[in-house]
Amino acid sequence: MIDLVHHVIRLNADPSRVVVRPFHLAWQASGPDLERVQKLARDILALDPRTVRAELGVVLNDFEGRHWQIEKVFDDRYAEIEPRLGLNGQVVKRETRRLIGAYFCHEYSFSAAALMNPSVVRHPDQSGLPPGSVRILLSLRAVGEGHISTIAFREGIISAGRNLALLPQPPFATAAMLGKHRPDKPADTLSLYRHRESTISGMVIFPITEAQRNGLEDLRLVEFIRDSGKSEWIGTYTAYSGRDIRSELLRTRDFQDFTLTPIKGGAGRNKGMGLFPRKVDGQFLMIGRQDGKNLYLLRSDKIDEWDGGELLLEPKFPWELVQIGNCGAPIELDEGWLVLTHGVGAMRKYAIGAALLDKADPSRVIGRTPNPILSAADEDREGYVPNVVYTCGAIRVGDDLFLPYGVADSSVCFAFVAIKDILAAMA
């Protein structure tokens, strides 16, 4: 019997967490839509200065206290859409520019519908902590209006005695901003950055490209140790266009600057890829589900190009007979590579189990849990998608596994479990 210690902290969907986003009336507008955009701009320009000042005052009174530097947001939005407004060099006063910017923005509640599918890594900053403590960084899938998925973060500290404390969220949330393309990066790589006055816990990464239009789903973060011995934080996630999916990589060294890069090759057309935290025999390794049912081991000389794969695990036990998948990056132990898995059984009930792979040859399965470590309990079955427990990554803390997990695609819970108990339960 595996004994999980569940923490009292639980994170829920929160409609009060809002950011200012572009109102997509002007998003790639052309034809009749572009005329509508330009007509709106002409109508605002036709207002007398007193009316402009009064209307802008109403907007600021309604929203300034809910958002960080909202006037600058309006300025930036105006600058973004100005080329489409057909102004022919007309000089526009600052207050009118800001009012036009406000008309092309809207308030978006990024986690109003759900908060789910977390992963966890060591925080880049481990300074100032007492012995036995570790600062952590959670990634969360936040779902808002239109079922659009975004990536949110939350910082915390785990201390001795299986204690967990999450840092308070800042009063304002801000969207990660698009930076200039770096010439040393592929043309399809996006550069993003967090505003220097924004915290990691206050930042949200939104879809940007057409391939991401309907969401960035299920980020599986891992602290990857490069050949130099330095850490880089890398996550695989699913970009969803509303019709097609593909896997992409998020990479950062400090959670201040980020790159988002599509994964090339046949394996990139699937979801649920989990990167090993270091190279093995000079190659990058991934766990993936290439056929929607079984788990495969993938090898590559390039971190952003993946093909093929060899069959690693098939559904075997009743709780996973429909399909299995990975639950984040493998965790390196003295005994081997610990891989958390999810299984789907009767009535589409989800459960979380584990497998152990040989450290030198990860294609060799040493053992796996015949029974789940965690499954949907009676009190945790209800929600947006009932009977689901799911994680995108756990972390080793001392002799324990710290396991954040989503419940019913609605909320996030936390548990501690002794690693020796997981290994002892394996067949």
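Every number here is computed from the coordinates shown, using simple stated rules; none is lab data. Everything numeric here is computed off the predicted structure, so don't read it as measured data. Ideal geometry is used to build each Cβ from the backbone, glycine not excepted, and the neighbour counts take in all protein chains shown.
Only the Cβ atoms of Lys and Arg (+1) and of Asp and Glu (-1) were treated as charged; on that basis the dipole of the chain about its Cα centre amounts to roughly 640 debye. Remark on N326: its backbone amide H falls under 5 Å from those of H342, a criterion applied only to residues 5 or more positions apart or on other chains, H modelled at 1.01 Å from N. Distance between the modelled labels on A346 and E232, one decimal in nanometres: 4.8 nm (7 Å Cα→Cβ projection).
Highest GNM mean-square fluctuation among L221, L192, L85, for the chain modelled with Cα contacts below 10 Å: L85.
In the chain, the longest principal axis of the Cα atoms and the axis of helix 32-45 are about 50 degrees apart.
For the chain, the 222 nm mean residue ellipticity estimated from helices alone, with every DSSP H stretch of n ≥ 4 adding -39500 (n - 2.57) and the total spread over all residues, rounds to -4000 deg cm²/dmol. The magnitude of the dipole of region 18-106, with charges of +1 and -1 set on the Cβ of Lys/Arg and Asp/Glu and taken from the Cα centre, is near 80 debye. Taking the square roots of 5 times each eigenvalue of the Cα gyration tensor of the chain, largest first, gives ellipsoid semi-axes of 42, 23, 20 Å.
Counting only alpha carbon atoms, the long axis of helix 94-103 and the longest principal axis of the chain meet at about 50°.
Could you state the angle between the C-alpha long axis of helix 70-81 and the longest principal axis of the C-alpha atoms of the chain, as a value from 0 to 90 degrees rounded to the nearest 10? Around 80 degrees separate the two axes. Peptide packing: for 162-168, 350-356, 266-272, the average count of neighbouring Cβ atoms within 10 Å per residue gives the ranking 350-356, 266-272, 162-168, highest mean first. The fewest-to-most ranking of D3, D358, D400 by surrounding Cβ atoms within 10 Å reads D3, D358, D400.
From least to most packed, judged by other beta carbons within 10 angstrom and beginning with the fewest, C392, C413 follow the order C413, C392.
For region 173-228, applying the loop criterion from DSSP together with a ceiling of 16 other beta carbons within 10 Å to the GluC sites (Glu not before Pro) yields E197. Once backbone amide H atoms are built at 1.01 Å from N, I366 has L356, L357, D358 as its partners under 5 Å, excluding neighbours fewer than 5 places away on the same chain. Here the scattering of region 18-106 is modelled by Debye summation over its C-alpha atoms, one equal scatterer each and no solvent; at q = 0.10, 0.20, 0.22 Å⁻¹ the log10 of I(q)/I(0) is -0.23, -0.94, -1.11. For region 299-344, GluC sites (Glu not before Pro) are listed when DSSP marks them as loop and at most 16 other Cβ atoms sit within 10 Å of their Cβ; the list is E335. Listing L56, L140 from fewest to most neighbouring C-beta atoms within 10 Å gives L56, L140. If you plug the beta carbon distance of V322 and Q126 into 1/(1 + (r/R0)^6) with R0 = 41 Å, you get a FRET efficiency near 0.50.
Amide H to amide H distances under 5 Å link T174 with M203, V204, where only residues 5 or more positions off or on other chains count and H is placed in the peptide plane.
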